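Everything below concerns the one structure shown next.
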Amino acid sequence: MHLNPEQRAAATAPFGHNLIIASAGTGKTSTIVARIAHLLRQGVAAEDILLLTFTNKAAQEMIQRVEKEFGGSAKRIEAGTFHAVSYRWLKSFDPKLTLKQPKDLKILFKSIYERRDFSTFQAKPFAASTLFDLYSLYQNSEFELSFGEWIAKRSQDQREFAFVFDDIAAEFEELKEEYGFLSFNDLLIKAQAIPKKPFVEVLVDEYQDTNNLQGGFLESLEYQSLFCVGDYDQSIYAFNGANIDIIASFQRRYQAARIFNLTKNYRSTKYILDLANRVISHNERIYPKRLEVMNQKEAKPPRLLEFDDLYEQYEGIAQRIQRSLTPKEDIAVIFRNNASADGIEAALREKGIGCKRRGGMSLFDLKETKALFDLLSILLNPKDLLSFIHIFEYAKGIGANSAKDIYEALLRCGEGDPKKGLIDPTYIKDPFTKRARNAQLALFDDLVQLGSKSRFAHMDISEQIRANPLLQHPRMSEEGVLFLEDLRRLFQESKKIKRVPSFIEMLKDSFILKYIKSEIAKQRAKRKDGTIDPVIQKEALEKIDRRYELLRHLAQHYEDIYRFYNAMVLGGSEMAQGEGVQLLTVHASKGLEFREVYVVDLMEGRFPNLRLIAKGGSVEEERRLFYVAVTRAKELLYLSYARYDRIKNQHFEPSRFLKEAGLVD
């Protein structure tokens, strides 16, 4: 294995406490693999080595590289994430223990929570779901305060509930103990207490992202040597309990500790590294370091892309990617917030450019987007049964089976044309097919019993719909009637509309989509106790409106509604599944590299995310996120921002990180 002098010095370090500061692109994985190889050559038995990684995939890849030289014996190395290793040890110690997923334990926690009476308190307590998530964070980070005290310290308005929260947590732990249930945190907590074999060396990857619980787990191990690899400038998991002080205090905690710096960067060009270092230098320097550029390819300075409007930014980047000679799989668009990805994804799809999104759900997989295109599909092709079912399932009381009944009745009333069956139906006494009885399911397969249309007499609807035989369906609800009325109107209005953006405007202003939008927002804002959080509901509605406006904006490029539909849905479905441009949150981009990188929406408030900072984050962590994002680029780096968001009527200032980079005044 070829190593540079710094990597070799780290890989062959004497036993003891060794910390390797491995900046982005300096070959940390190669150094860890070389260290394991060195230990094996020195006669250390494979089973006496413990390798702890951030993902199980990383552990497997390292062991596979060691296997190339040492064969199957490398598989005897104890390797995996903190949780995976702990679980193996605990199961061998007590096979009856059962690991439970968070969603299952949340149900148990909620059942305990709901037995408490909060009616005598003045304030409103955290919902059970919120409290459960906070309890997990508490276990990762706090060892002195009780759970209730920790909550009270974080949130003054919850102080009066401290003793109740302590009681809930205590009962939760008692029940888990009684049934042998383990949470992911329990794996590390309980593994600290059981007898464990001593190791010659423990290696820890991504050391900067360890939390207090993982730190405690390491302290519980018996070993001759500790080999930790990490980079404090890439510590970006504080939201999950990661404690940067663990890597910062290494020398203080281990008096004879040796610090090794890997300074040769093989990934990025000089200009990219200079920019990254200018920005990250505004954070406190824990361990001094200076990176040396090893990428000797002809370098181009990072470019600042400035746009007047948010949508112009997304389209401008899509145009640039379309013209780029870089293979699409080697291009990444990196964003701080998922909202940024919607615009990029839609703009790329509009140009027929494939993309894969990680760290968030695709715009075209979201319920609100599917609903809009289902409704559009019905107008373009009234015989689209599945789109009709998808839309009508949102009406209260109408499930998929009833929606299918209603659609088939439309066909019969329209003599094979569901559009005619809605607008100008042929009167049929009983338009609903009698379903064949199934002898085995006779009790549950009754014939459809027609209902009376008079139950809708009070509704303000057209005579066409009022007289329609469909209203006789026993499961027809008022919302279903209004859906039919609105669909009738849309069929008639769509004949008058020529411009594609106007077509989308008509859809997003329809009763059907407004109703569906409201239902989706309520669902996303629903607390675990069934109540609706009005703040989250308002935010959800704003996000949906933004997505619809984005699609309306993209429609401006089309003169034919069928072409727009094909580009957005039919043409894009394969591309979304295949290869193409990578759309990544900063967290999802960690550990990856690309020839060409775009970091988007670099506006003050968005990146850095000032809302998260106000909730307990820090500018330093946001700056580390920026550092991680830009150091994914090997050769070409584009940083972009927009001055205005027309939907929110909001003006933006460029991010402070662009100023620190020297790209704006």
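Residues that are open to solvent by 10 Å² or more (accessible area, probe 1.4 Å) and farther than 20 Å from VAL200 by Cα within segment 9-28 comprise GLY25, GLY27, LYS28, listed in sequence order. In the set LEU541, LEU487, which member is at negative phi, among the aliphatic types (A, V, I, L, M), open to solvent by less than 10 Å² (accessible area, probe 1.4 Å) and part of a helix (DSSP H, G or I)? Residue meeting the stated conditions: LEU487. Within segment 45-52, the presence of a residue that is open to solvent by less than 30 Å² (accessible area, probe 1.4 Å), assigned to a helix (DSSP H, G or I) and touching a residue at least 60 places away in the same chain (Cβ under 8 Å) is excluded. Just one of the numbered conditions (1) part of a loop (DSSP other than H, G, I, E, B); (2) more than 20 Å from the chain's Cα centre (by Cα) is not true of HIS390: (1). Scoring ALA576 on the criteria (1) open to solvent by 30 Å² or more (accessible area, probe 1.4 Å); (2) touching a strand residue (DSSP E or B) at 6+ places or on another chain (Cβ under 9 Å); (3) assigned to a helix (DSSP H, G or I); (4) at pLDDT 85 or above leaves a single failure, condition (4).
Taking every residue in segment 509-527 that is acidic (Asp, Glu) and pairing it with any residue that is open to solvent by 60 Å² or more (accessible area, probe 1.4 Å), at least 6 positions away or on another chain, the pairs with Cβ-Cβ distances below 8 Å are GLU519/TYR394. For first residues located in segment 343-362 and under 12 Å from VAL333 (Cβ atoms), partners that are open to solvent by less than 10 Å² (accessible area, probe 1.4 Å) and acidic (Asp, Glu) and lie 6+ apart or on another chain with Cβ distances below 7 Å form the pairs CYS355/GLU345; ARG357/GLU345.
So that you can scan it fast, the table gives a plain yes or no per residue for (1) at pLDDT below 85; (2) in a helix (DSSP H, G or I); (3) of a type outside the set (Ser, Thr, Tyr); (4) in contact with a helix residue (DSSP H, G or I) (Cβ under 7 Å, 6 or more places away or on another chain):
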position: GLN313; (1), (2), (3), (4): no, yes, yes, no
position: ALA332; (1), (2), (3), (4): no, no, yes, yes
position: ALA341; (1), (2), (3), (4): no, yes, yes, no
position: PRO382; (1), (2), (3), (4): no, no, yes, yes
position: LYS404; (1), (2), (3), (4): yes, yes, yes, yes
position: LEU410; (1), (2), (3), (4): no, yes, yes, yes
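In segment 596-612, the residues that are closer than 10 Å to PHE652 by Cα and open to solvent by 10 Å² or more (accessible area, probe 1.4 Å) form Cβ pairs under 8 Å with partners that are assigned to a strand (DSSP E or B) and of a type outside the set (D, E, K, R), at six or more places apart or across chains, as follows: GLU604/PRO654.
Under the condition of being at pLDDT 95 or above and among the polar types (S, T, N, Q), the residues counted in segment 130-148 number 1. I'm checking my understanding of the structure. Among residues of segment 361-380 that are open to solvent by less than 30 Å² (accessible area, probe 1.4 Å) and not in a helix (DSSP H, G or I), which one is farthest from SER324 (Cα to Cα)? Ranking the qualifying residues of segment 361-380, first place goes to LEU366.
Scanning segment 315-330 for residues that are assigned to a helix (DSSP H, G or I), open to solvent by 20 Å² or more (accessible area, probe 1.4 Å) and out of contact with any Phe, Trp or Tyr (no Cβ under 6 Å at 6 or more places or on another chain) turns up GLU315, GLN319, ARG320, GLN322, ARG323, LYS328, GLU329.
Tallying residues that are under 35 Å from the mean Cα position of the chain (by Cα), of a type outside the set (Ser, Thr, Tyr) and in a helix (DSSP H, G or I) within segment 490-516 yields 13. What residue, among those in segment 72-123 that are under 30 Å from LYS197 (Cβ atoms) and of a type in the set (Phe, Trp, Tyr), is most open to solvent (accessible area, probe 1.4 Å)? Top of the filtered list is PHE93.
For segment 372-382, a residue qualifies if it is farther than 18 Å from GLU345 by Cα and of a type in the set (A, V, I, L, M, F, W, C), and the qualifying residues are LEU375, LEU376, ILE378, LEU379, LEU380. The conditions of being of a type outside the set (S, T, N, Q), farther than 23 Å from LEU592 by Cα and part of a helix (DSSP H, G or I) are met by LYS190.
The residues in segment 579-617 that are outside any loop (DSSP other than H, G, I, E, B) and within 17 Å of ARG320 (Cβ to Cβ) can be counted, and the count is 9.
For segment 632-657, a residue qualifies if it is among the aliphatic types (A, V, I, L, M) and either farther than 19 Å from SER589 by Cβ or surrounded by fewer than 17 Cβ atoms within 10 Å (Cβ to Cβ) (or both), and the qualifying residues are ALA642, ILE647.
Does at least one position in segment 526-549 carry a residue that is at pLDDT below 85 and small (Gly, Ala, Ser)? Yes; the residues of segment 526-549 include at least one that is at pLDDT below 85 and small (Gly, Ala, Ser). Kindly indicate whether any position in segment 138-151 is under 29 Å from the mean Cα position of the chain (by Cα), open to solvent by 40 Å² or more (accessible area, probe 1.4 Å) and free of Cβ contacts under 8 Å to residues at least 12 places away in the same chain. No - not one qualifying residue is present in segment 138-151.
For segment 230-244, enumerate the residues that are part of a strand (DSSP E or B) and within 22 Å of the chain's Cα centre (by Cα). Answer for segment 230-244, where residues must be part of a strand (DSSP E or B) and within 22 Å of the chain's Cα centre (by Cα): just ALA242.
Okay, residues lined up against (1) part of a helix (DSSP H, G or I); (2) out of contact with any His (no Cβ under 7 Å at 6 or more places or on another chain); (3) of a type in the set (D, E, K, R); (4) free of Cβ contacts under 8 Å to residues at least 60 places away in the same chain:
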| position | (1), (2), (3), (4) |
| --- | --- |
| ALA79 | no, yes, no, yes |
| HIS83 | yes, yes, no, no |
| SER86 | yes, yes, no, no |
| LYS96 | no, yes, yes, no |
| ILE107 | yes, yes, no, yes |
| ILE112 | yes, yes, no, no |
| SER119 | no, yes, no, yes |
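Scanning segment 384-402 for residues that are among the polar types (S, T, N, Q) and modelled with pLDDT under 85 yields a count of 2. Checking each residue in segment 208-229 for being within 14 Å of PHE82 (Cβ to Cβ), part of a strand (DSSP E or B) and open to solvent by less than 10 Å² (accessible area, probe 1.4 Å) picks out only CYS228. Give all pairs with beta carbons closer than 8 Å in which a residue from segment 258-278 that is more than 17 Å from ASP231 (Cα to Cα) meets a residue that is surrounded by fewer than 19 Cβ atoms within 10 Å (Cβ to Cβ) and among the charged types (D, E, K, R); count only pairs at least 6 apart in sequence or on separate chains. The qualifying pairs are THR269/LYS297; THR269/LYS300; TYR271/LYS300. Within the set ILE536, ILE520, the sole residue that is open to solvent by less than 50 Å² (accessible area, probe 1.4 Å) and in a helix (DSSP H, G or I) turns out to be ILE520. Looking only at segment 286-311, residues that are surrounded by 15 or more Cβ atoms within 10 Å (Cβ to Cβ), among the charged types (D, E, K, R) and outside any strand (DSSP E or B) come to 2 in all. Note on segment 249-282: residues that are under 22 Å from GLN7 (Cβ atoms), open to solvent by 10 Å² or more (accessible area, probe 1.4 Å) and touching a helix residue (DSSP H, G or I) at 6+ places or on another chain (Cβ under 6 Å) amount to 2.
The values are calculated or read from the model by the stated rules, or taken from the named source; none is laboratory data. None of these values were measured; they are calculated from a predicted model. Glycine also receives a Cβ, built like all others from the backbone with ideal geometry; neighbour counts cover every protein chain displayed. Areas reflect the complete protein model, heavy atoms only, side chains present, ligands, DNA and RNA absent. Shrake-Rupley method; radii C 1.70, N 1.55, O 1.52, S 1.80 Å.
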